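What follows is a short report on a single structure.
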Amino acid sequence: MNISLVFVLFRLFRYLSCSLTLCTNPLWIGKGNNGALRNGAPQSSHPRTACDLCGGAECDFILATPRLDGPLVRCRRCRLFYVQTQHDAQHPVSDGRDATAEMERLSARARELALVEPEVEESERPWRELAAEERITDLMRYVGRGRLLEVGASTGELLAAARGCFEATGVEADAASSLTARRRGLDCRCGTLGAMSFEDGSFDSAVMYHTIEHLESPRRALQEVSRILRPGGWLVIETPNIATLWYHLLGARWRQFIPDHRYFFTPETMGRLCDETGFEIAELRSVGKSMSLRLFASRVGRYSPHLGRMLASAGRRLGVEGRTLRLNLGDVMRLYAVKREYGTN
Ligand SMILES: [Zn+2]
């Protein structure tokens, strides 16, 4: 039997045993890829900085893996999961600093761990454009015009899809990506949100797709978004959801554990963050995305490199690697929230 399958069945067994003993929120403490087995009572430690969500000073060690930029811990007070990185001072969204060097360090780490294959990512652009169109269509159920800000605009696929309906502006900390977007004639500013100094209430909607989990301080980012959105304006956040069976099954091998992810939200911790920064959630649901079979094989390789290679080679032989696959694993959530008329509670 395939060793990965044995591993998954073992995790499933542990997860179910834990659930059956009425452990409603099992603290899974696993064997990280560094081989450090942690089990039994949670270890408490004092983080170098307070919890971004509640300011709590105590957290429990959850797991360690080379796939993350430090140990994964959980705040004892609000249960926010976050990575205790040693690189705060140079983090990509440390306001006002040049983020490029740090982003390059994290991308190099992901390549080293074979978590991303640059040539596969490069050929994925048509599917990124498709995903951007789907996101705009979904957003238009709530708002269909006005000034739109994308935080973490990358190479501008969503800004391009928004043209014709919205007056769209992007902010992107990576210099090369924002330059690519500008070359496509898009309004994409290079730098961090905090360094932009947009005027109060100057946007009708703000969107952050797979951005908030990368930031140094999600709370500070949402406070800033709240300031620059008009009352009644819309906020969209899409981010991994750690309250998923996949995390319990796969532990340190969960696909969302990559070096540049440092916050992992549940609907509860995300709800608290939105509430305390002046937003009321109107909808929160799990979402999938469209991808090529080529990218799917590459992502499977994060769990089992052998299986990933087999799928990629079969896809090439059968000439189907460019086919579109729509996948919803239930470990990514998207929320729509409206800015309250009178700010924070
Ligand atoms: Zn906390």
>> Tell me the residue from Leu63, Leu130, Leu68, Leu115 that is more than 14 Å from the ligand (Cβ to nearest atom), of a type in the set (A, V, I, L, M, F, W, C) and at pLDDT below 90, please.
In response: Leu115
>> Exactly one of these conditions fails for Leu245: (1) surrounded by fewer than 22 Cβ atoms within 10 Å (Cβ to Cβ); (2) touching a helix residue (DSSP H, G or I) at 6+ places or on another chain (Cβ under 9 Å); (3) over 28 Å from Ile62 (Cβ atoms). Give me its number.
In response: (3)
>> Which count do you get for residues in region 138-174 that are closer than 16 Å to Arg334 by Cα and over 21 Å from the mean Cα position of the chain (by Cα)?
In response: 4
> Considering region 43-55 alone, what residues qualify as being under 11 Å from Arg74 (Cα atoms), surrounded by 13 or more Cβ atoms within 10 Å (Cβ to Cβ) and at pLDDT below 95?
Replying inline: Gln43, Ser45, Pro47
> In region 309-331, which residues are assigned to a helix (DSSP H, G or I), of a type in the set (Lys, Arg) and surrounded by 12 or more Cβ atoms within 10 Å (Cβ to Cβ)?
Replying inline: Arg309, Arg316
> In this structure, does Gly251 turn out to be on the phi > 0 side of the Ramachandran plot and modelled with pLDDT of 90 or more?
Replying inline: yes
>> So the check is Cβ under 9 Å with 6+ separation or different chains; which pairs have a first residue in region 123-141 that's assigned to a loop (DSSP other than H, G, I, E, B) and a second one that's at pLDDT 90 or above and crowded, with 16+ Cβ neighbours inside 10 Å?
In response: Arg141/Tyr336
>> If I filter region 249-257 for residues that are surrounded by fewer than 19 Cβ atoms within 10 Å (Cβ to Cβ) and within 15 Å of the chain's Cα centre (by Cα), do I get at least one hit?
In response: yes
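Conditions tested, residue by residue: (1) more than 16 Å from Leu273 (Cα to Cα); (2) part of a strand (DSSP E or B).
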| site | (1), (2) |
| --- | --- |
| Ala168 | yes, yes |
| Arg182 | yes, no |
| Gly201 | yes, no |
| Arg220 | no, no |
| Val225 | no, no |
| Arg230 | yes, yes |
| Val236 | no, yes |
>> Looking only at region 162-182, count every residue that is under 18 Å from Phe203 (Cα atoms) and not β-branched (Val, Ile, Thr) and tell me the total.
In response: 9
> If Ala337 satisfies every condition in (1) within 30 Å of Glu133 (Cβ to Cβ); (2) assigned to a helix (DSSP H, G or I); (3) at pLDDT 90 or above; (4) touching a Phe, Trp or Tyr at 6+ places or on another chain (Cβ under 8 Å) but one, which is the exception?
Replying inline: (2)
>> Let me spell it out: the conditions are (1) touching a residue at least 24 places away in the same chain (Cβ under 8 Å); (2) on the phi < 0 side of the Ramachandran plot, and Arg316 meets all of them except one. Which number is the exception?
In response: (1)
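The values are calculated or read from the model by the stated rules, or taken from the named source; none is laboratory data. Bear in mind the structure is a predicted one, so any value in this text is a computation, not a measurement. Cβ: placed from backbone, ideal geometry, glycine included. Neighbour counts: every protein chain shown.
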